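Take a look at the structure below.
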Amino acid sequence: MKNIQSVLFDLDGTLTDPFVGITASIKYALEKMNRPIPDEKTLGAFIGPPLPYSFKRYCGMTEDEAQQALSLYREFYPKGGVYELTVYDGIIDMLKKLKSAGKRLFIATSKPEKFAEMIADKFGFSDYLDGVAGASFDLSRNEKTDVIRYCLERFKVDNKTAVMVGDRDYDVLGAKDNGMACIGVLYGYGKEEEFKQAIFTAKTPLEVADIILNR
């Protein structure tokens, strides 16, 4: 890890706990479509993967229905959900520590880039970041593999000296697809078995910094 120069962070479930805002937006979309609301555990499973995938998997929607649900979600989220989140304890200290060590820091998220930038600005992440890479509204860049590739290309990041930090297997697999190492965080929404292909796992944000700087 000591050769790592750039760190890409997932956003939801890695830097923030977005449960309140995301689930409120999901509920709004489902209510508008007269669909039943899943239980809290299932709603939590929406956090991380691209939303159309989750609407299809957990609500039994067709592709067209999932796109309608996504549109309704995006109708509510900027007004009633985007800032309804909690920054995990230790995140700012982790970012400070890595930045002080000369690392380039980025967000790479399946959340639309505009929303990710709003959150980064609002909660002070932007003070430490070198860039934000997110999904496109038209879904042409939606899968984690594509978002990571976009981040690497846009900000001229060398994949051989970069690591992805995330809380779901989508982060691990997206990193692998781009020839990168990955650190799985255990405090987010993923389960430990999702990180079998991760190089390391971390129980806290400061442990992430320790892994990158000292191992």
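The values are calculated or read from the model by the stated rules, or taken from the named source; none is laboratory data. Keep in mind that this is a model prediction, so the values were computed, not measured. Note that we place each Cβ from the backbone using ideal geometry, even for glycine, and neighbour counts take in every protein chain shown. Side chains are part of the model used for accessible areas, which takes the heavy atoms of the whole protein and leaves out ligands, DNA and RNA. Shrake-Rupley method; radii C 1.70, N 1.55, O 1.52, S 1.80 Å.
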Using the Cα centre as the reference, give the magnitude of the dipole from point charges on the C-beta atoms of the chain (Lys, Arg: +1; Asp, Glu: -1; all else neutral), rounded to the nearest 20 debye.
460
Once the whole set of protein chains is in place, how much accessible area is left on D171, using a 1.4 Å probe, in Å² to the nearest 10?
0
Lysine pair number, Cα distance threshold 15 Å (strictly under), the range 144-215, separation 8 or more or different chains
4
Under the rule rounded for a/c under 1.5, else prolate if a/b exceeds b/c, else oblate, using alpha carbon gyration tensor axes a ≥ b ≥ c, the range 29-69 is classed as oblate
Calculate what fraction, in whole %, of the accessible area of the chain sits on carbon and sulfur atoms when a 1.4 Å probe is rolled over the protein chains.
47
Which shape class applies to the range 86-168: rounded if a/c is under 1.5, otherwise prolate when a/b exceeds b/c and oblate if not, where a ≥ b ≥ c are the square roots of the Cα gyration tensor eigenvalues?
oblate
Whole-Hz couplings from phi, Karplus 6.51/-1.76/1.60, listed for the range 20-33; x for Gly and Pro
4, x, 5, 5, 4, 6, 5, 4, 4, 4, 5, 5, 4, 9
Heavy-atom accessible area of S140, protein chains in place, probe 1.4 angstrom, given in Å² to nearest 10, is 90
Share, in percent, of DSSP beta bridges within the chain that are antiparallel, nearest 5:
10
222 nm [θ] for the chain, helices only, -39500 (n - 2.57) per DSSP H run of 4+, per residue, to 500?
-13500 deg cm²/dmol
Excluding I212 itself, calculate the net charge of residues whose Cβ lies under 11 Å from the Cβ of I212, where each Lys or Arg counts +1 and each Asp or Glu counts -1.
+2
Counting only protein heavy atoms and rolling a 1.4 Å probe, one gets per residue an accessible area for the range 1-123 in Å² of 43
Separation in nanometres of the label points that stand 7 Å from Cα toward Cβ, at N3 and S136
3.3
